[in-house]
Amino acid sequence: MQPVFRFAPSPNGLLHLGHAYSALLNEQEARRLGGRLLLRIEDIDRLRSRNEHVQAIVEDLDWLGIAFDGAVRFQSAHMDDYRKAADSLRERGLLFACDCTRQRVARAAQERAVCLPDQPSTDPDGAPLYAGHCLHSPPLPDQPVAWRLRMENALQAVAGHDLTYQAFADDKQTGASRWITRQVAPQRWGDAVLLRKDIATSYHLSVVVDDALQGVTHVVRGRDLEAATDLHRLLQALLGLPGPRYYHHDLVTDPDGAKLAKSRMSKPLRQWREEGATPDMIRTMLGFAPRERQRQ
Ligand code: GLU
Ligand code: ZN
């Protein structure tokens, strides 16, 4: 089976060096394994996604010399696919409607933390864990609602399923990176939102559905998304989708170690370009081989 990789930026800003690193690593690994490399634009958030950003992203990747296979997939054009997946979960009693505001969720999490101080009160992203309000007081009909995964029922539904994935990660003994089997702990996400109030999907649901529909075999993305893979693996098991391999790479940092997004290194790729950087300079700076000469 030919490996399939994807680079999946959200068009709510310009690409910076961190994105370039991720795209180049995908390209390098796809080439090494003789695989295909797909480009997916994760534009489900209509308010934050901008057409001009899509254009800039495509242009910047082209400037870097990264060639993608096949057509670009825009998530906004595939809402039906996400709805079908959500319907199948809802029919099995794995989703529930929630009309809570952020404030209500936060307040309930605080209250629960007082009663249950040894339980985690935030999810891996640091957001307050849902304390279950709408399970006991369901929203009135015709209210705008989000749909949350009923984590407890979901875990029961996949009892006995394989909840592991292949991760390219450091071997604790040797310190070298290799493929290891990792067990997931999706319960740390609690009753996660799968369909947002404002958008009839979410990052987690779309990414899992798309990776399967596009036949992605290798997900190469930043370490900041490593914890999300636990939830993704659970959704794959619930939806009967194949689980790709995952390589969560380190995030590009400033020389002083600050995370890229917060540092002066977050300068957009096109600014580097305007200031005279060449694609090969960017590649070399990020630790990749210079571009191969285009064959005539
Ligand atoms: N769209 C996500 C981002 O730009 C990446 C999704 C993924 O690679 O799974 O952060
Ligand atoms: Zn609620």
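The values are calculated or read from the model by the stated rules, or taken from the named source; none is laboratory data. All of these numbers come straight from a predicted model, not from anything done at the bench. Note: ideal-geometry Cβ built from the backbone for every residue, glycine included; neighbour counts use all protein chains shown. SASA here: full protein model, heavy atoms, side chains in, ligands and nucleic acids out. Shrake-Rupley method; radii C 1.70, N 1.55, O 1.52, S 1.80 Å.
What residue, among those in the stretch 83-102 that are of a type outside the set (A, V, I, L, M, F, W, C) and closer than 15 Å to LYS197 by Cα, is farthest from ligand 2 (Cβ to nearest atom)?
Out of the qualifying residues, it is ARG83.
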Inset, instruction - Scan the stretch 200-210 for residues that are in contact with a Lys or Arg (Cβ under 7 Å, 6 or more places away or on another chain) and buried (at least 19 other Cβ atoms within 10 Å of the Cβ) and report the count. - result: 2
Legend entry - Answer residue from the stretch 225-267, given it is of a type in the set (Asp, Glu) and modelled with pLDDT of 95 or more and is farthest from ligand 2 (Cβ to nearest atom) among those: GLU226
Legend entry - Test for ARG83: is it away from ligand 1 (no atom under 16 Å from the Cβ), of a type in the set (Lys, Arg), within 26 Å of PRO186 (Cβ to Cβ) and touching a helix residue (DSSP H, G or I) at 6+ places or on another chain (Cβ under 9 Å): no
Inset, instruction - Name every residue in the stretch 206-259 that is of a type in the set (D, E, K, R) and in contact (Cβ under 8 Å) with a residue 12 or more places away in the chain, in order of residue number. - result: ASP210, ASP211, ARG221, ARG223, ASP224, GLU226, ASP230, ARG233, ARG245, ASP250
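Kindly provide the set of residues from the stretch 147-182 that are in a loop (DSSP other than H, G, I, E, B) and of a type in the set (Gly, Ala, Ser), ordered by number.
Passing the criteria: ALA159, GLY160, GLY175, ALA176.
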Legend entry - Lone qualifier among ARG221, ARG148 - being within 15 Å of ligand 2 (Cβ to nearest atom), open to solvent by less than 40 Å² (accessible area, probe 1.4 Å) and at pLDDT 95 or above: ARG148
Legend entry - Residue in the stretch 26-51 that is most open to solvent (accessible area, probe 1.4 Å), counting only those that are over 22 Å from MET79 (Cβ atoms), over 19 Å from the mean Cα position of the chain (by Cα) and of a type outside the set (Gly, Ala, Ser): ARG32
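Looking at PHE68, is it modelled with pLDDT of 95 or more, surrounded by 21 or more Cβ atoms within 10 Å (Cβ to Cβ) and part of a loop (DSSP other than H, G, I, E, B)?
Considered against the rule, which asks whether it is modelled with pLDDT of 95 or more, surrounded by 21 or more Cβ atoms within 10 Å (Cβ to Cβ) and part of a loop (DSSP other than H, G, I, E, B), PHE68 comes out as yes.
To keep it simple, each residue is scored yes or no on (1) of a type in the set (Phe, Trp, Tyr); (2) out of contact with any Cys (no Cβ under 9 Å at 6 or more places or on another chain).
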{"residue": "ASP81", "(1), (2)": "no, yes"}
{"residue": "ASP87", "(1), (2)": "no, yes"}
{"residue": "THR101", "(1), (2)": "no, yes"}
{"residue": "VAL105", "(1), (2)": "no, no"}
{"residue": "ASP123", "(1), (2)": "no, yes"}
{"residue": "SER137", "(1), (2)": "no, yes"}
{"residue": "ALA159", "(1), (2)": "no, yes"}
{"residue": "TYR165", "(1), (2)": "yes, yes"}
{"residue": "ALA169", "(1), (2)": "no, yes"}
Legend entry - GLN75, sole failed condition from (1) more than 16 Å from ligand 2 (Cβ to nearest atom); (2) within 30 Å of PRO139 (Cα to Cα); (3) surrounded by fewer than 15 Cβ atoms within 10 Å (Cβ to Cβ): (3)
Legend entry - Those residues of the stretch 94-123 which are open to solvent by 40 Å² or more (accessible area, probe 1.4 Å), touching a residue at least 24 places away in the same chain (Cβ under 8 Å) and touching a helix residue (DSSP H, G or I) at 6+ places or on another chain (Cβ under 6 Å), in sequence order: none
Inset, instruction - Only one of these is within 19 Å of PHE96 (Cβ to Cβ) and either out of contact with any Phe, Trp or Tyr (no Cβ under 8 Å at 6 or more places or on another chain) or surrounded by fewer than 19 Cβ atoms within 10 Å (Cβ to Cβ) (or both): LEU238, LEU195. Name it. - result: LEU238
Inset, instruction - Being among the basic types (Lys, Arg) and either under 14 Å from the mean Cα position of the chain (by Cα) or outside any loop (DSSP other than H, G, I, E, B) (or both) is the filter here, so list the residues in the stretch 187-204 that pass it. - result: ARG188
